[in-house]
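Every number here is computed from the coordinates shown, using simple stated rules; none is lab data. Treat the numbers as computed from the prediction; the structure is a model and nothing was measured. No Cβ is skipped: glycine too gets one built from the backbone with ideal geometry, and neighbour counts run over all protein chains shown.
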């Protein structure tokens, strides 16, 4: 459905740990480590599911399920905020 990459700085393990905490705060779940994993979360209009893979200083996302009314660019924006 959606694929995009987000650059980051610092350690991948720390980034994923922080992202996991943020995703869990809003009722989602992130399973994985500093190399790859999957995640799921809920929005007011439906669920989101996907996977990620870390490549150097970029994290690539593959969104496999999302609400029809939720754009890929909005998901990318929200994940970018979590990755900062």
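Quick notes on this structure:
- Taking each residue of the stretch 31-46 that is free of Cβ contacts under 8 Å to residues at least 12 places away in the same chain and looking for partners that are outside any loop (DSSP other than H, G, I, E, B) and surrounded by 12 or more Cβ atoms within 10 Å (Cβ to Cβ) with beta-carbon atoms closer than 6 Å, six or more apart or interchain, yields 31/37; 31/38.
- Number of positions in the stretch 31-48 that are within 21 Å of residue 71 (Cα to Cα) and surrounded by 15 or more Cβ atoms within 10 Å (Cβ to Cβ): 5
- Filter result (in a strand (DSSP E or B), more than 12 Å from the chain's Cα centre (by Cα) and within 17 Å of residue 21 (Cα to Cα)) within the stretch 31-49: 42, 43
- Among the residues of the stretch 50-71, the ones that are touching a strand residue (DSSP E or B) at 6+ places or on another chain (Cβ under 7 Å), surrounded by fewer than 16 Cβ atoms within 10 Å (Cβ to Cβ) and either in a strand (DSSP E or B) or in contact (Cβ under 8 Å) with a residue 60 or more places away in the chain (or both) come to 7 in all.
- Tally, over the stretch 2-21, of residues that are over 10 Å from the mean Cα position of the chain (by Cα) and over 10 Å from residue 59 (Cβ atoms): 10
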